[in-house]
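Let me begin by presenting the structure, written as structure tokens, before commenting on it.
The values are calculated or read from the model by the stated rules, or taken from the named source; none is laboratory data. Nothing here was measured: the structure is a model prediction, and the numbers come from that model. Quick reminder, even Gly has a Cβ in these numbers, built from the backbone with ideal geometry, and neighbours come from all protein chains shown.
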Amino acid sequence: MSRIILTNLVRFIVLVLLQVLLLKNVTLYNLATPYLYILFILLLPFETPNLLLFVLSFLLGLTIDAFYDTPGLHAAACTLLALVRVLFISITVQKDGFDNEPEPTLSIMGFRWFFTYALILTLFHHFFLFNLEVFRISEIDYTLSRFLLSSVFTVFLMLISGLLFFRKKERK
Amino acid sequence: MRNLLIFITKYNAFFLFLIFEIASLIIYVKYNSFQKASVINSTNQITGGLYARADELKGYLSLREVNDQLARENAALRNQLKSSKYVDTVARKTVIDTIYKQQYEYIAAKVINNSINKRNNYLTIDRGSRDGIEKGMGVINANGVVGKVAFVGEHLAIVQSLLHKDSRVSGMLAYNKEIGYLQWGDDMNPHKALLVDVSNNAQPKVGEPVLTSDLSLFPAGIPLGKVSRLKAKGTGFFLNLEVALAVNFSKLEYVDVVVNKFAKEQAALEGQEKKDE
């Protein structure tokens with residue numbers, strides 16, 4: 001139990017630092033901006049209580065907001081992300097299987113499931129984030145292209161990090 | 001009531017979502033509408049400090065580049081400095097006079113090397129043969145006589161200062177026009193010189209100006225100094241006067257080289273006269 005808490009704490013810190021120090025400066029063609037930090041929410045264990053999940057998502061969003069100077073924006077997007085995560089997991093994963101599969105990682109859940117999971121959650125998060133940030137219907141085409149390309153970029157980074165920490169023996 | 005609680009716990013995710021979503025939207029809208037400084041931004045201690053650290057680290061990574069750039073910039077700036085440039089346009093001050101034919105021209109020059117504490121002192125100026133400077137020309141500045149040109153290079157020339165044991169300038173007392181020779185005394189005082197071989201008939205006064213005479217290579221009437229002591233040592237058949245020099249040799253910056261347009265003619269004539277003897 002303490003190992004899980006420690007792992008997630010380290011993951012939280014590393015992802016926030018990675019996001020605000022490195023990825024904040026990365027923008028491809030002024031369109032694709034990766035928001036890899038949401039990987040923290042994606043990788044929380046299945047057994048996480050809903051209350052804790054929402055509190056953690058909210059805190060993560062606020063932390064990112066503090067660095068991006070956008071109070072509330074990322075927090076709102078992360079809260080939505082948490083809700084989508086709860087719904088997605090309740091639909092796709094059997095409740096009895098929790099004991100065997102503690103974390104929704106790439107190495108445990110397999111590529112197909114993880115890819116769908118990451119893609120859908122990222123799409124929701126980014127769509128909400130970009131539209132809330134711009135909040136203007138007249139720039140919808142630019143916002144949508146940003147949203148799509150950024151989502152591709154983020155999912156790509158998520159898959160890479162999943163493969164980077166791939167542990168074959170855990171696969172059941 | 002019980003049913004309500006059961007309903008809420010069953011769909012707790014949705015209600016939690018509502019609570020947190022509304023909270024974050026309130027923060028977002030409030031911040032955006034009032035543009036107030038908030039705790040949650042990059043100006044607080046933690047986030048700002050982290051950014052400052054990261055920036056420091058980034059600064060180290062680009063040190064070499066910045067150094068190169070600064071070095072280049074330094075070089076460029078140094079090139080723009082006046083002191084590193086050889087001024088190509090020669091300032092010639094010429095007095096246009098239709099009645100009198102111009103005899104003297106002045107070439108402005110900058111002193112780039114100077115000494116006053118040797119027995120024989122020279123100074124270097126930044127004008128040379130290219131600018132029309134020839135050996136033997138007189139050098140003055142705004143205060144008085146400085147010396148005469150001793151060696152000429154293409155861009156530079158060396159001036160034999162008045163503070164030299166071989167410097168002899170013909171001078172005269174301003175009030176009674178008595179003529180003598182100005183030379184540097186052997187006590188090596190850069191502010192004093194001797195006016196020697198003045199006729200005994202002269203009745204000089206302390207403070208009387210000493211000017212260049214018509215016999216010198218300078219235009220007449222350029223100040224040499226002022227009589228500071230009447231009876232200097234070595235007074236015999238002639239009067240020797242101590243003169244406080246007009247020019248402060250330790251602070252020379254700009255000088256004018258005197259071009260005597262009749263110098264060649266005079267030299268040729270005098271050479272002929274000597275031949276006749």
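Here are the numbers:
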{"quantity": "Per-region count, the stretch B:229-258, residues assigned to a strand (DSSP E or B), surrounded by fewer than 19 Cβ atoms within 10 Å (Cβ to Cβ) and either in contact (Cβ under 8 Å) with a residue 24 or more places away in the chain or of a type in the set (Phe, Trp, Tyr) (or both)", "calculated": "2"}
{"quantity": "Check on B:Lys226, of a type in the set (Lys, Arg) and either in contact with a helix residue (DSSP H, G or I) (Cβ under 9 Å, 6 or more places away or on another chain) or part of a strand (DSSP E or B) (or both)", "calculated": "yes"}
{"quantity": "Within the stretch A:54-110, considering residues that are within 7 Å of chain B (Cβ to nearest Cβ) and not in a helix (DSSP H, G or I), the one modelled with the lowest pLDDT", "calculated": "A:Asp69"}
{"quantity": "Cβ pairs under 7 Å, 6+ apart, first in the stretch A:1-28 and farther than 21 Å from A:Phe156 by Cα, second surrounded by 14 or more Cβ atoms within 10 Å (Cβ to Cβ) and at pLDDT below 90", "calculated": "A:Ile4/A:Pro45; A:Asn8/A:Leu44"}
{"quantity": "Top-ranked residue of the stretch B:11-32 - restricted to ones that are at the interface with chain A (Cβ under 7 Å from one of its Cβ atoms) and of a type in the set (Ser, Thr, Tyr), ranked as farthest from A:Val84 (Cα to Cα)", "calculated": "B:Tyr31"}
{"quantity": "Unique match (being among the hydrophobic types (A, V, I, L, M, F, W, C) and in a loop (DSSP other than H, G, I, E, B)) among B:Leu211, B:Leu215", "calculated": "B:Leu215"}
{"quantity": "A:Leu28 being within 11 Å of chain B (Cβ to nearest Cβ), exposed (fewer than 13 other Cβ atoms within 10 Å of the Cβ) and more than 15 Å from the chain's Cα centre (by Cα)", "calculated": "no"}
{"quantity": "Criterion: more than 26 Å from A:Phe130 (Cβ to Cβ) and under 16 Å from the mean Cα position of the chain (by Cα) - qualifying residue of A:Leu9, A:Leu51", "calculated": "A:Leu9"}
{"quantity": "Single match in B:Lys261, B:Lys205 (criterion: exposed (fewer than 15 other Cβ atoms within 10 Å of the Cβ), without any contact (Cβ under 8 Å) to a residue 40 or more places away in the chain and farther than 12 Å from B:Leu162 by Cβ)", "calculated": "B:Lys205"}
{"quantity": "Cβ pairs under 7 Å, 6+ apart, first in the stretch B:141-162 and touching a residue at least 60 places away in the same chain (Cβ under 8 Å), second among the basic types (Lys, Arg)", "calculated": "B:Val149/B:Lys135; B:His155/B:Arg130; B:Ala157/B:Arg127; B:Val159/B:Lys148"}
